[in-house]
Amino acid sequence: MTIARLFAALFLFCCIGAAASAARADTLDDTLALFLDDKFPQTEKAIGQLALSGAPTGAQILEALADNRLFIDKGSKTIVFKNAAGEIFSAKTGEKAAGVDEGALKKVRVNNGLRSAIDAAMGSMTLASPDPAKRVAGADAVFKSHDPKDLPAVEAALAKEKDARAAKAFQQARAAILVTSADAPEADRLAAVGVLKERGDQDALGLIGEMTEKASDGPLKTAGAAAIAAIKARLALWDIVQNLWYGLSASSVLLLAAIGLAITFGVMGVINMAHGEMVMLGAYSTFIVQSLIPPQFAQWSLAVAIPIAFVVAGCMGILIERLVIRFLYGRPLETLLATWGVSLILQQLVRTIFGANNRQVSAPAFMSGSIEVGGISITTGRLWIIVLAIAVFVALQLLLRATSFGLRMRAVTQNRRMAAAMGISTGRIDMFAFGLGSGIAGIAGVALSQIDNVSPNLGQGYIIDSFMVVVLGGVGNLWGTLLGALTLGVANKLLEPFVGAVLGKIMLLVFIILFIQKRPRGLFALKGRAVEA
Amino acid sequence: MTSRFLATFDRLGVAFIILMLGIAILVPVLALAIPPGSPLAIPPYVVALMGKYLCYALLALALDLVWGYCGILSLGHGAFFALGGYAMGMYLMRQIGTRGVYANPILPDFMVFLNWKELPIPWWGFKLFPYAMIMVMLVPGLLAFAFGWFAFRSRVTGVYLSIITQALTYALKLAFFRNDFGFGGNNGLTDFKDIVGFNVQADATRAALFSISAIALVIAFILCKAIVTSKYGKALIAVRDAESRVRFLGYRVENYKLFVWVVSAVIAGIAGALYVPQVGIINPSEFDPGNSIEAVIWVAVGGRGTLVGAVLGAIVVNFAKTYFTGVFPEYWLFGLGALFVLVTLFLPKGILGWFASLRRKPTQAPPTALAGEAAIAEEGGAAQ
């Protein structure tokens, strides 16, 4: 589809090009004549002219020159180039040149100075590319290099430009050149400062800073200083927004990992130390799904993996509950030790089957890349994880509030003995609650496979953080878990720029240790006599 | 006085003390005086290995004191162990002096490498052995006091407390991993040369450290036994079995817990300090939550609330670990995991409890699980 469109655009461009080619033919001849001399100054001049000419063979010629594939045919006094396979083409027409004697070919010499000139010329040639995205990329390259030599090319491109985004990029590139060249008219430079101020990113800040340092006192210097202050304020604001976004993204991961733990801990009062390994099983399920799925369905692999991971981890949870935890009721500390043992076994099992190395889980096309919103960039994969976290949260709330199973589960959480007296089979509720919590951990594993290494140790990294969320949120209801995850995730990312990642984490752990003094049962504690030990 | 004191020990305890004192004398003799070719001779690496086991046993003893007798399941005792180890390591680092790679008389190598100009304040005084020994006990003790004071006053109990202790050791691990925290970062402290003037690597020093570890274990055992058999110890056991009831009877439960918690942390710190010169390195991985929880299983295997069982468990499990990681390195974690599951399911009283039940007459009622009773009393049967 895109390729077809590209060809269409190319065709259109060629038609326009053909109309102009009559006028261009002469200049191309002159340019090529410069190569014939094979002297560095002439060659450099030729490169510059080629870049501006917009000749259809220009890019090929420059590429050939950089690769030492451009030759002078001494017989016919023309310039030819070889392609990578060694076939010979005419530089003027770009068609295959017949009857050229290999022995009469002489290489056009290049040195390092010429190579950088070629690079610059290639850059400015992309300014004339038919694809607007390429033109924007070219303009950005000019913006970064802000070489005054490119100014005519940029201005020419700007005059022709119809695409709004590309026009903006050209304007900014032009402003970057003007701001840094001291001999440009002051009015132009002032306007350029305005354009850069509007762009307002780190690069613009650097350019204006450079200019302000060199400029003598006057309107230019004051305008520069004002622009710097404005950009800095704007950047600081976006920085906070960006960190908030990172925090939100971290919170969603925490929520996914912790919510299953909160359920099992709420219902049964036991801590499942193998919870992290359920996450790991979910991630490995994703890996298996991706390696088995036919390539044409590859972009659906994660959608397939979510239910499978839920079932795999859920079944494993039910198995653990039936084989181990059932026999340890009323002994929460022993349960903790036993599930730790289970986690060691599961880790080693996965290590034995899949090896200790990281496994590659790829992201489907719609989940890779990022979107620019204002001054921040939002990774699509992270966005989907947030969506998944919200979906899981809503689904769980519905399950707990609107189904009979949820009602029973809440009853057991609130008062186990009374629930049993009312005819609820608490053993079955425990089993399914444990399976549900583990299954959700499996879903978390699918999400984590996108942002973390899929290795047997995957779960260990999240287990302590998940506990902290549960401790902070309490087991009263799921809103506590949500609030706990949001608090920890956002606080962590907001602290990070100031104190570093590790110290930030330590501060949060200390905060939780102090918090639990104030509210030993978390933010949302269950009220009533049942929970008073 | 002495006879009354000795009366508090059962036959098992006395046998344990005699055995430990015996090996404290015998092992150095066999290692040093017997020529290496003789079948009775103990090679130096075995002495170091056994010394390591004794340090682990001391840690297990400390853990049993709080878990077995007070019901506090600490998943962070490795933190106190490692802090004691770091205090000893800092003393050993300062002893290196000009023999380091950079030959700086004051700064340890890693500080020179990080381009630090002067010794950070926490390192002051560690050139003096007595000061370092005080720190070995003071640092874990103070941390335990601060932590316990907060935690026990606000009645954080059960799994919450366990998780918080785990977070504590995890936080310390992260901190010690940082280079700018000032304790060698990732690499920790190593390359030790001398301890109070003797070469750390020498066989005689190794043997002496082994004896000291055995004697420390005996002293700690006597101390713990004295605590748990005293009137205070009775109250402690009551706290374990029915905390609320003890509080309603007018006891200050938090003070009982705090005292035993701090004593336990100090013993763990001493264990760490003895451990470091025998293994020759201390690094942040000692703070790993996994290490602390592994120490818990030693106690569970040997038999919780028996003291001797903790020592036995630490030695048995670590011997098995050394053996199996050598022979079947891939299967050790399966074994360790299975140990956690099987011991909690089938041997709630550990090896010692199992032996006791074998010796008991069949007419007696079968013993109910210690922990089960505790939970029923504590929860009032709330959990089924």
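Here is how the numbers come out for the structure above:
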quantity: Among (1) more than 10 Å from chain A (Cβ to nearest Cβ); (2) over 21 Å from residue B:276 (Cβ atoms); (3) free of Cβ contacts under 8 Å to residues at least 60 places away in the same chain - the single one residue B:151 does not satisfy; calculated: (1)
quantity: Residue that is farthest from residue B:47 (Cα to Cα), among those in the stretch B:304-342 that are away from chain A (no Cβ under 14 Å) and outside any helix (DSSP H, G or I); calculated: B:306
quantity: Residue pairs meeting the criteria (Cβ under 6 Å; at least 6 apart or on separate chains; first at the interface with chain B (Cβ under 8 Å from one of its Cβ atoms), in the stretch A:512-526; second among the aliphatic types (A, V, I, L, M) and not in a helix (DSSP H, G or I)); calculated: A:516/B:156; A:520/B:156
quantity: Filtered residue count, the stretch B:230-257, keeping only those that are more than 14 Å from chain A (Cβ to nearest Cβ) and in a helix (DSSP H, G or I); calculated: 11
quantity: Condition check for residue A:223: touching a Leu at 6+ places or on another chain (Cβ under 7 Å), surrounded by fewer than 18 Cβ atoms within 10 Å (Cβ to Cβ) and either in a loop (DSSP other than H, G, I, E, B) or not assigned by TED's automatic domain parsing to the domain that holds residue A:142 (or both); calculated: no
quantity: Selection status of residue B:159, of a type in the set (A, V, I, L, M), within 13 Å of residue B:87 (Cα to Cα), in contact with a Gly (Cβ under 8 Å, 6 or more places away or on another chain) and in a helix (DSSP H, G or I); calculated: no
quantity: Scope the stretch B:322-342; condition surrounded by 17 or more Cβ atoms within 10 Å (Cβ to Cβ) and farther than 28 Å from residue A:321 by Cβ; matching residues; calculated: B:324
quantity: Helices (runs of 4 or more DSSP H) fully within the stretch A:454-533 counting 2 or more residues that are of a type in the set (S, T, N, Q) and at pLDDT 80 or above; calculated: A:460-473, A:478-499
quantity: Enumerated helices (runs of 4 or more DSSP H) restricted to the stretch A:140-215, each holding at least 1 residues that are in contact (Cβ under 8 Å) with a residue 40 or more places away in the chain and within 25 Å of residue A:129 (Cα to Cα); calculated: A:151-160, A:164-180, A:202-214
quantity: Residue check, residue A:347 in contact with a Pro (Cβ under 7 Å, 6 or more places away or on another chain), in a helix (DSSP H, G or I), assigned by TED's automatic domain parsing to the domain that holds residue A:454 and of a type outside the set (Val, Ile, Thr); calculated: yes
quantity: Residue in the stretch A:356-405 that is nearest to residue A:263 (Cα to Cα), counting only those that are among the polar types (S, T, N, Q) and not in a loop (DSSP other than H, G, I, E, B); calculated: A:397
quantity: Residues of the stretch B:197-225 classified as among the aromatic types (Phe, Trp, Tyr) and without any contact (Cβ under 8 Å) to a residue 12 or more places away in the chain, total; calculated: 1
quantity: Residue count for the stretch A:408-432, restricted to those that are among the charged types (D, E, K, R), within 14 Å of chain B (Cβ to nearest Cβ) and under 22 Å from residue A:524 (Cβ atoms); calculated: 2
quantity: Some residue of the stretch B:248-255 being acidic (Asp, Glu) and either surrounded by 21 or more Cβ atoms within 10 Å (Cβ to Cβ) or in contact with a Leu (Cβ under 8 Å, 6 or more places away or on another chain) (or both); calculated: no
quantity: Test result for residue A:192, of a type outside the set (Lys, Arg) and touching a Phe, Trp or Tyr at 6+ places or on another chain (Cβ under 8 Å); calculated: no
quantity: Residues located in the stretch B:343-352, provided they are within 14 Å of chain A (Cβ to nearest Cβ) and surrounded by 15 or more Cβ atoms within 10 Å (Cβ to Cβ); calculated: B:343, B:344, B:345, B:347, B:348, B:349, B:350
quantity: Any hit, the stretch B:79-86, residues being in contact with a helix residue (DSSP H, G or I) (Cβ under 9 Å, 6 or more places away or on another chain) and within 14 Å of another protein chain (Cβ to nearest Cβ); calculated: yes
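Per-residue answers, yes or no, for (1) surrounded by 17 or more Cβ atoms within 10 Å (Cβ to Cβ); (2) part of a loop (DSSP other than H, G, I, E, B); (3) away from chain A (no Cβ under 14 Å):
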site: B:122; (1), (2), (3): no, no, yes
site: B:126; (1), (2), (3): yes, yes, yes
site: B:131; (1), (2), (3): no, no, yes
site: B:146; (1), (2), (3): no, no, no
site: B:175; (1), (2), (3): yes, no, no
site: B:205; (1), (2), (3): yes, no, yes
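Yes/no per residue for (1) touching a residue at least 40 places away in the same chain (Cβ under 8 Å); (2) within 8 Å of another protein chain (Cβ to nearest Cβ); (3) of a type in the set (S, T, N, Q); (4) in contact with a helix residue (DSSP H, G or I) (Cβ under 7 Å, 6 or more places away or on another chain):
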| site | (1), (2), (3), (4) |
| --- | --- |
| A:301 | yes, no, yes, yes |
| A:312 | yes, no, no, yes |
| A:318 | yes, no, no, yes |
| A:330 | no, yes, no, yes |
| A:338 | no, yes, no, yes |
| A:345 | no, yes, no, yes |
| A:352 | no, yes, yes, no |
| A:367 | yes, no, no, yes |
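The values are calculated or read from the model by the stated rules, or taken from the named source; none is laboratory data. The shown structure was predicted, so the numbers you read here are calculated from the model rather than taken from an experiment. A quick note on method: Cβ atoms are made from the backbone with ideal geometry, for glycine too, and the neighbour counts reach across all protein chains shown.
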